[in-house]
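Visitor: First, the structure itself, so that you have it in front of you.
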Amino acid sequence: MTDFASLLVPDRGQAARPIHLVDKESFGDWVKKRPAEDRALLEAMRFDGKSAQDFAVLPRGSEFEVVSAVKDLAALSPWCLAALAEKLPEGTYKLAEGEPRAAALGWLLAQHRFDAYRSAKKDAERGPRILVTGEAAKIDTAVRLAEATALVRDLVNTPAADLGPAELERAASDLAKRSAAQLRVTSGIDLQEGYPLIAAVGAAATPERAPRLIELEWGKPDDPRVAIVGKGVCFDTGGLDLKPASGMRIMKKDMGGAAHALALAQLIIENRLPVRLHLLVPAVENAVSGAAYRPGDIVKSRKGLFVEIDNTDAEGRLVLADALTKAAEGEPELIVNFATLTGAARVALGPDLPATFVNRDDLAAELEQAARETEDPLWRLPLWDAYDDNLKSDVADIANAPASPMAGAIYAALFLRRFVPSEISWAHLDTWAWRDAQKPGRPKGGEALGLRAVFAAFERRYLQR
Ligand code: BES
Ligand code: ZN
Ligand code: ZN
C-alpha cells in the first residue's frame, strides 16, 4: 500500500515549492501582483484561471513555483490538486495561501497505483510529491480516507483468481488483528444450517473457494450498535442463468460492496467512532457446476421465509438477505449495506451515482447532506410499496426476481427490505464500485463510491451527540 503518511507532512519550515491556487474570480487580482515575467509567461500560455485543473510552472532560476486553477477557492474539491500531484516532478510543495483541506485526499490518491500485476512499475522512476500543511492535526484524517479508498480500489481490482472468499476473510482478519476486534467466520455445515441462502449461492464453488459469512465485532458494549453489510460475490458468472460474456467481463468487482463495508469498518475503527460495530460480509463465488443452485429451487432463508430462485443471477440479494437477518438479530439502531446489486441502478443513474434506498427520511437527509459536503454523491430512489406485490412466487413466500423487467433496482431493494425489521433504520447503497473512464486521482477500475459520504454521516451522527 502506498505510504500516504509520507506524502502529507506538517509544516516545519522546510523548503517547499509554492503552489498558488486561483479561481476565475481571484485570478485577475492575483496576476496583477505577480512579477512581470510571470505575467508575460501566463499570458503567453493563455493561462486565465478559468479552466479548473489547468496549471502553469513559473520559473525561479533553477527552481519553480506553480499556479493552478480551481473551480472554487472557498470550497476546495477533494480532486482539485490531483492533476498536479500526478504531473508535477518529485519534490516538496506547499500551498502559497491557505491549507489543502479536502483537497489533501486527491493529492494522496493521485499517487496510488494498482501495479501489483505490472512487471515494470509505471511510477518507479519518479519519486514522491510531498505536500506540506500547516494543519498537522488534519493529516491523519486525510491519510485514513486515502487508505480506505485505496483499500476498496485494490480489493476490487484484484482478479477473482487471487481474491476469493478466503482472501476476503483474510482482509477482515487483518483488520481485526490490527484493531483488537473479534472475527467470526461461519462456513461448512454451520453455514448450510444457519445461512441457507449464502450456502446455496456458493454451492458451485470449489472447496478452496467455499462460501462463508465473515463477521467482525468492535467497540464498547454500551455504545450504540450499528451494522454494516457488504455483498461479497467474488465473481458473478450469473450461475446457471449464465451471464453473456460482455456482462461477465468485470464481475470480479461484484465484491465491491464487501470492499466498501470493510473500508468503512476500518474508518470507524481508526477514527474510534463511539459505536459498537458489527460488520458482516457474506463471501461467495457465484459459479457453475453440477452442485450449483438452480432456477426453481426453493431455499428456506435464515429468517424462515421460503425463497424461490427465479434467477440465479440475482444472487446478491440472496446472500444479503441472510446477512441482514443476522445483522438484525443484534438489534442495531442502524444498518447500512453496500452492494453491486443491479445493472438497473446503473441504467437509472449512470456509473457515478450510487442508488440509495432508505427506510427513514431523516437518515436519507443525513446521507444526502454528507454526500454533498464530501463531494461523494448519492441519489435516493424509492422503496415503492406498491411494487412489493410483484415479488410473489407461485409456490413459495417470495421470489428473488420479479417477472417485470422494469425498476430492477427498486425490486432488489424491496427484496432486501423483507429481511430488515421496520424498527431499524436502514440504508441500502446499490453502488457500481467501478470507474469506466479515468479522472485526475481516479484511475479506471475499482472505485469507492459512497464510502466517504456514509462515513461523514456516521461522524455527524455519533461524534456530535
Ligand atoms: N452483480 C450483478 C449486478 C450488476 C450487473 C452489477 C452489472 C454491475 C454490473 C447482479 O448480481 C445481477 O446480476 N443482477 C441482475 C438481477 C436480475 C437477474 C434480476 C441484473 O441486474 O441484471
Ligand atoms: Zn448476478
Ligand atoms: Zn452479482
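No lab work stands behind these numbers, since they all come straight from the coordinates. Small disclaimer: the values here were computed from a predicted structure and weren't measured. No Cβ is skipped: glycine too gets one built from the backbone with ideal geometry, and neighbour counts run over all protein chains shown.
Visitor: Stretched out fully, how many nm does the piece from GLU90 to LYS243 gain, at 0.36 nm a residue minus the Cα gap?
Guide: Stretched out fully, the GLU90 to LYS243 stretch lengthens by 50.6 nm.
Visitor: Another question, then. When you count, for each residue, the other Cβ atoms within 10 Å and take the mean per peptide, how do 324-337, 222-235, 106-119 rank with the highest first?
Guide: With the highest mean Cβ count within 10 Å placed first, the list reads 222-235, 324-337, 106-119.
Visitor: Just want the ordering: LEU151, LEU349, from fewest to most Cβ atoms lying within 10 Å of their own Cβ.
Guide: Fewest-to-most ranking of LEU151, LEU349: LEU349, LEU151.
Visitor: Quick check on the chain: helices-only [θ] at 222 nm, where DSSP H runs of length 4 and up contribute -39,500 (n - 2.57) each and the sum goes over total residues. Nearest 500, please.
Guide: The helix contribution divided over the chain gives -9500 deg cm²/dmol.
Visitor: A further question follows. What pairs in LYS252/LYS439; LYS94/LYS253; LYS252/LYS303; LYS50/LYS253 have C-alpha atoms more than 31 Å from each other?
Guide: Long pairs (Cα-Cα over 31 Å): LYS94/LYS253; LYS50/LYS253.
Visitor: What dipole magnitude, in Debye to the nearest 20, does region 243-355 give about its Cα centre under +1 on Lys/Arg Cβ and -1 on Asp/Glu Cβ?
Guide: 160
Visitor: Quick one: SER6, SER26, SER173, fewest Cβ neighbours within 10 Å first, how do they rank?
Guide: If I rank by nearby Cβ atoms, fewest first, I get SER6, SER173, SER26.
Visitor: Excluding residues on the same chain fewer than 8 positions from LYS300, give the lysines whose Cα lies under 19 Å from its Cα.
Guide: Once the sequence-local lysines are set aside, what remains near LYS300 is LYS326, LYS392.
Visitor: While we're looking at this one, here's another question. Give the percent of DSSP beta bridges with both residues in the chain that are antiparallel, rounded to the nearest 5.
Guide: 45
Visitor: Select from SER62, LEU84, LEU42 the residue farthest towards the positive end of the dipole of region 37-89; place +1 on Cβ of Lys and Arg, -1 on Cβ of Asp and Glu, and compute about the Cα centre.
Guide: LEU84
Visitor: About the Cα centre of the chain, what is the dipole size in debye to 20, counting +1 per Lys and Arg Cβ and -1 per Asp and Glu Cβ, all else neutral?
Guide: With Lys and Arg at +1 and Asp and Glu at -1, about 940 debye.
Visitor: Taking the dipole about the Cα centre of the chain, with the C-beta of Lys and Arg at +1 and of Asp and Glu at -1, give me whichever of PRO443, ASN337, SER26 is farthest to the positive side.
Guide: It is SER26, whose Cα lies furthest towards the positive end.
Visitor: Let me ask something else. For LYS33, list the aspartates and glutamates whose Cα falls under 16 Å from its own Cα; do not include residues on the same chain fewer than 8 positions away.
Guide: In chain and number order, the partners are ASP23, GLU25, GLU43, ASP48, GLU65, GLU97.
Visitor: Once all Cα-Cα distances of the chain are split into 20 Å bins that start at 0, what whole-number percent is in each one?
Guide: All Cα pairs, binned at 20 Å, distribute as 25, 51, 21, 3, 0 percent.
Visitor: Still on this structure, I have one more. How would region 161-209 be classified by its alpha-carbon gyration tensor: rounded, prolate or oblate, with rounded meaning a/c under 1.5 and the a/b versus b/c comparison settling the rest?
Guide: Verdict is oblate for region 161-209.
Visitor: Between ALA120 and ARG272, what length comes free when the chain is fully extended (0.36 nm per residue of separation minus the Cα-Cα distance, one decimal in nm)?
Guide: Full extension of this stretch gives 50.8 nm more.
Visitor: Tabulate in residue order the Karplus-calculated ³J(HN,Hα) for region 211-221, using 6.51 cos²θ - 1.76 cosθ + 1.60 with θ = phi - 60°, rounded to whole Hz; enter x for Gly and Pro.
Guide: Once θ is set to phi - 60°, the couplings for region 211-221 become x, 7, 10, 9, 10, 10, 10, 8, x, 7, x Hz.
Visitor: Still on this structure, I have one more. Give me the dipole magnitude in Debye, nearest 20, for region 78-163 about the Cα centre, with unit charges on the beta carbon: positive for Lys and Arg, negative for Asp and Glu.
Guide: Taking the Cα centre of region 78-163 as origin, the dipole is about 140 debye.
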